[in-house]
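Here is the structure we will look at.
What follows is calculated from the coordinates using simple rules that are stated; it is not laboratory data. This structure is a prediction, so every number in the text was calculated from the model and none was measured. For neighbour counting, all protein chains shown are included, and Cβ atoms are generated from backbone atoms with ideal geometry for every residue, glycine included.
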Amino acid sequence: MDDLASFEAKVHGRVHGVFFRTFVQRWAEQLKLAGYVRNLPDGTVEVRAEGERQQLEKLVGYLQKGPPPARVDNVVTGWAEYSGLFTDFRVRY
């Protein structure tokens, strides 16, 4: 774990009601990342993740595609330093 980082992303498009949160959680767990994903009232999905930067970059790639029923129009990502606040990856409601 040499290059640790974190990001917060907002995913825009048809991302509610299409299993987007479950999709993100599965990939984050496979990539051994920590953080959360949640739907926001404005119709976007928020993702906060941290771990190895290379794995985070892979997750951003998956966010840009989404699961088959989704339509991702835009992903706005802000990078930050690793905080160590999270121990696992969860769906927040």
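The figures follow:
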read-out	value
Residue, surrounded by the fewest Cβ atoms within 10 Å (Cβ to Cβ), within region 81-92, restricted to residues that are touching a residue at least 60 places away in the same chain (Cβ under 8 Å) and closer than 17 Å to D3 by Cβ	E81
Among (1) crowded, with 19+ Cβ neighbours inside 10 Å; (2) in contact with a helix residue (DSSP H, G or I) (Cβ under 6 Å, 6 or more places away or on another chain); (3) in contact (Cβ under 8 Å) with a residue 60 or more places away in the chain, the one test that A5 misses	(1)
Complete set of residues in region 35-80 that are touching a Gly at 6+ places or on another chain (Cβ under 6 Å), of a type outside the set (D, E) and either buried (at least 16 other Cβ atoms within 10 Å of the Cβ) or within 23 Å of D3 (Cα to Cα) (or both)	R48, A49, V72
Search result, residues across region 45-93 that are of a type in the set (A, V, I, L, M, F, W, C) and over 15 Å from A9 (Cα atoms)	A70, L85, F86
Checklist (1) in contact with a Lys or Arg (Cβ under 7 Å, 6 or more places away or on another chain); (2) without any contact (Cβ under 8 Å) to a residue 24 or more places away in the chain applied to V37, failing item	(2)
Residue check, V75 in contact with a His (Cβ under 8 Å, 6 or more places away or on another chain) and either within 15 Å of Y93 (Cα to Cα) or in contact (Cβ under 8 Å) with a residue 60 or more places away in the chain (or both)	yes
